[in-house]
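These notes concern the structure reproduced below.
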Amino acid sequence: MNKSATQDKAILKTVKFEILRYNPAGKESPHLENYSVPITKGMTVLDGLTWIKEHLDSSLSWRSSCRMGICGSCGMFINGLPRLACNNQIVHLHSDRVVVKPLPNYDIIRDLVPDLESLFNKHRSVKPYLIRQDASEQDKPTGEFFQSEQELLNYIQFAYCIKCGLCMAACPTVATSEEYAGPQSLTAGWRYISDTRDEGASERQDVLYSSHGVYRCHFAGACSQVCPKGVDPALAIQMAKRDAFMKGFGFGKARKASSVMSPVQDWTPRGDIPNAPEKTAGNTGSKSEP
Amino acid sequence: MQQRLKNRLGLLGWLGGGRYGMDRYAYALHRLTGLGILAYFILHIFVTGRRLGGQEQWESTMAFFSTPIFKIGEFLIVLAFAFHAVNGIRLILVELGWLIGKPGVPSFPYSYSTLRHKPLFIVFMVFAAALMIIGGADFYLVLR
Amino acid sequence: MRESRLWFWHILSAVVILVLLGLHMGTMHLSELLHMIGIGSGDPVQSEQVFHRSQQAVYMIIYILLLGTGLFHGLYGLRSIFFELSLSRTLEKLIGGVLAVAGIALFVYGTYVAVLLFQTSGV
């Protein structure tokens, strides 16, 4: 075993975890419980919770999956901010006290497990899929939709959302309003409206521009601050407001949705790219088959 | 279904609720100053309506409101207006899509709208503070 | 959509108020400073000054404009606050109506005062 591996296992210090416990079947009211956890190099808050479950209290419950910041399951309120437990190393919290509570603005099922139904319902209400007036191309594709690099850059940032729900926990309007669409769904709605392949802007209007849509956002910016993927929902919502404002005045021409590209003709392969291997599977390779 | 625990922050979520950036507190202050100014404004409509009773009634109204407690309240409204107006200019610009940059491809460490406009945010706050100091200077001269 | 239009008027009234209320604040609360550099004669709420202003058309128009825009801007902000408190649909509609009625009533009263004072030629 090399030296760095032994050093990695060395215990740096002991920190105190204060975790909110709540069991709906139990008799106790919600309360904070303390656990002392030894910290090794690179240990994340999620690792700390796993250590507690393995060594101290096997009844501790939470959601996690990928442990690398891409599935969005482990959102919790850690030391004053909504964060992903897997994405935050304990030493980077710069404190000997790690306070872990479930995400605010969601009902709690048990311990650190939030009920994310409200998030998913609001996301569904925004119709988060490409809508075209003539759906035949989507059902039986014949080619690619044209989209320039600039058109892609206009929305790709907002497509990075992993639906972790941290933005909704941070938003002050979501704190008091149950009907407010929230940064996640408004960003998803804008992501599709600004996608040049989409023709469904009018179907999302009732959610985005209603009395509980973008106009209940007041640019507190907390959503963008806590987003673990850099989606910047605050930017998306202000762009949605700007779009409605400009369209209301007739600025900004209504664009036609992008059309299907005809196959490229007369192309020659570059010399340094090898040819594709021969097909080995039995299908005909026709694109019109499901 | 077993009992879910309610966990919405409620009105406390407007005032704080975590270690958030300046923008979130500017939002709370903007609301507070707005409510203060609105309350003053509605009273102001009725107070200035007392001019209908002529000079004597107006002078007695002004005498009633010239005690220090009212003067301090008026000063607070001037401070509130200074903040609300300057922050409001910033909000108009930002909510119409200026000053916050354009979407791109996120790469860590992430750049986002509120972070990008932070220097300008500070400039606006300094401007608001300057207006408050000027207003304060005038009040001091009046009270002297 | 209706909400978009209301928001647009909210922004427009904000811009108008910035100018008019800025002037009003300048008149009322920078009077001593301006007096020190030779403009105006200080104490803007003194009777003669107040009634002198009431009788000028330009001031009447400014005050009525400020009254209208101020009421719309403030009451729309109050409506925003109510709409973020998880109230029922009917209650939201009721509050919207009450605020609209209150705003119109206050505007009518304020305009009546301003116009009446303008028309009477001194007291």
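The values are calculated or read from the model by the stated rules, or taken from the named source; none is laboratory data. Worth saying up front: this structure is predicted, and the values here are computed from it rather than measured. For neighbour counting, all protein chains shown are included, and Cβ atoms are generated from backbone atoms with ideal geometry for every residue, glycine included. To get the accessible areas, we keep the full protein, side chains included, count just its heavy atoms, and leave off ligands, DNA and RNA. Shrake-Rupley method; radii C 1.70, N 1.55, O 1.52, S 1.80 Å.
Anything in chain B that counts as a DSSP H helix reaching 15 Å or more along its axis (C-alpha) with Kyte-Doolittle mean of at least 1.0? List them, would you? Could you put the intermediate results ahead of the total?
Numbers: long enough: B:22-48 (37 Å, 0.91); B:54-64 (16 Å, -0.94); B:68-95 (39 Å, 1.51); B:118-143 (37 Å, 2.02).
Both cut-offs are met by B:68-95, B:118-143.
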| remark: Listed residues B:Lys102, B:Lys71, B:Lys118; largest mean-square fluctuation, Gaussian network over chain B with Cα springs below 10 Å, found at B:Lys102
| request: Report, to the nearest 10°, how far helix A:45-55 tilts away from the longest principal axis of the Cα atoms in chain A, using its own Cα long axis and a range of 0 to 90°. | output: 50 degrees
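Quick one: compute the contact order of chain B, relative version, from alpha carbon pairs under 8 angstrom and 6+ residues apart, as a percent. If you can, show how the numbers build up before the last one.
Values: 64 pairs, mean separation 35.4, N = 144.
The normalised contact order for chain B reaches 25 percent.
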| Dipole magnitude of the protein assembly as shown about its Cα centre, charges +1 at Lys/Arg Cβ and -1 at Asp/Glu Cβ only, in debye to the nearest 20? | 680 debye
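Hey, what did chain A get for relative contact order, percent, Cα under 8 Å, at least 6 apart?
Values: 437 pairs, mean separation 46.6, N = 290.
Result for chain A is 16 percent.
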| query | Can you pull the mean other chain C-beta count within 10 Å for peptide A:79-85? | reply | 2
| said: Per residue of the range A:193-210, what does 6.51 cos²θ - 1.76 cosθ + 1.60 with θ = phi - 60° give for ³J(HN,Hα)? Whole Hz please, x for Gly and Pro, Karplus curve as stated. | reply: 5, 8, 6, 5, 7, 8, 10, x, 4, 5, 6, 9, 4, 5, 8, 6, 10, 8
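With a 1.4 Å probe and all protein chains left in place, how much of the accessible area of the range A:110-149 comes from carbon and sulfur atoms, in whole percent? Let's see the in-between values first.
Numbers: 1260 of 2440 Å².
It is 51 percent, rounded to a whole number.
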| task | Over the whole of A:167-179, what's the average partner chain Cβ count within 10 Å per residue? Rounded to a whole number, please. | result | 6
| task | Quick one: which residues, 5 or more positions from A:Ser61 or on another chain, have an amide H under 5 Å from its amide H? H modelled 1.01 Å from N in the peptide plane, none for Pro or chain starts. | result | A:Leu112
| request: Among A:Cys227, B:Leu115, C:Gln49, pick out the residue whose Cα is farthest towards the positive end of the charge dipole of the protein assembly as shown, where Lys and Arg carry +1 and Asp and Glu carry -1 on C-beta, about the Cα centre. | output: A:Cys227
| request: Enumerate the amide H contacts of A:Val98 below 5 Å, restricted to partners 5 or more residues apart or on another chain; note that Pro and chain-start residues carry no placed amide H. | output: A:Lys16, A:Phe17, A:Glu18
| said: Using only DSSP helix segments of four residues or longer, with each worth -39500 (n - 2.57), what per-residue ellipticity at 222 nm results for chain A after dividing by its residue count and rounding to 500? | reply: -8500 deg cm²/dmol
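What average number of partner chain Cβ atoms lie no more than 10 Å from the Cβ of the residues making up B:47-55? Don't skip to the answer; put the middle values down first.
Values: counts 0, 9, 7, 1, 9, 6, 1, 4, 6.
Partner Cβ neighbours, averaged per residue: 5.
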| Estimated dipole of chain B in Debye, rounded to 20 [Cβ of Lys and Arg +1, of Asp and Glu -1, Cα centre] | 740 debye
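Might you tell me the accessible area per residue for the protein assembly as shown, computed with a 1.4 Å probe and given in Å²?
Details: 29540 Å² over 557 residues.
On a per-residue basis, 53 Å².
Relative contact order of the range A:155-290, please, whole-number percent, based on alpha carbon pairs below 8 angstrom and at least 6 residues apart.
Numbers: 126 pairs, mean separation 37.0, N = 136.
Relative contact order for the range A:155-290 comes out at 27 percent.
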| message | I'd like the isolated cysteines in the protein assembly as shown, meaning no second cysteine's beta-carbon lies under 4.7 angstrom from theirs. | response | A:Cys74, A:Cys86, A:Cys161, A:Cys164, A:Cys171, A:Cys217, A:Cys227
| request: Using a Förster distance of 41 angstrom, determine the FRET efficiency expected from the C-beta separation of A:Trp267 and B:Leu120, and round it to 0.05. | output: 0.30
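Past 20 Å, Cα to Cα: identify those pairs from A:Lys27/B:Lys6; A:Lys229/A:Lys256; A:Lys163/B:Lys118; A:Lys241/B:Lys102; A:Lys53/A:Lys101; A:Lys16/A:Lys41, in the order given. Mind showing how you got there, number by number?
On the way: A:Lys27/B:Lys6 17 Å; A:Lys229/A:Lys256 31 Å; A:Lys163/B:Lys118 27 Å; A:Lys241/B:Lys102 14 Å; A:Lys53/A:Lys101 16 Å; A:Lys16/A:Lys41 16 Å.
From the list (A:Lys27/B:Lys6; A:Lys229/A:Lys256; A:Lys163/B:Lys118; A:Lys241/B:Lys102; A:Lys53/A:Lys101; A:Lys16/A:Lys41), the Cα-Cα distance tops 20 Å for A:Lys229/A:Lys256; A:Lys163/B:Lys118.
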| said: Give me, ordered by chain and number, the residues 5 or more places off A:Arg132 or on other chains with an amide H under 5 Å from its own placed amide H. | reply: A:Glu199
| Net dipole in debye of the range A:186-290 [+1 Lys, Arg Cβ; -1 Asp, Glu Cβ; about Cα centre; nearest 20] | 400 debye
| query | Taking the Cα centre of each part, how many Å lie between the range B:93-144 and the range A:91-161? | reply | 30 Å
| task | Towards the positive end of the charge dipole of the range B:26-113, with charges on Cβ (+1 Lys, Arg; -1 Asp, Glu), say which of B:Gln57, B:Asn87, B:Val105 has the farthest Cα. | result | B:Val105
| said: Could you give each residue of the range A:94-110 its phi-based ³J(HN,Hα) in whole Hz, using Karplus coefficients 6.51, -1.76, 1.60 with θ = phi - 60°, and x for Gly or Pro? | reply: 6, 7, 8, 10, 10, 9, 10, 10, x, 4, x, 6, 10, 5, 9, 7, 6
| message | In whole Å, what are the extents of the protein assembly as shown along the principal axes defined by its C-alpha atoms, from largest to smallest? | response | 101, 67, 49
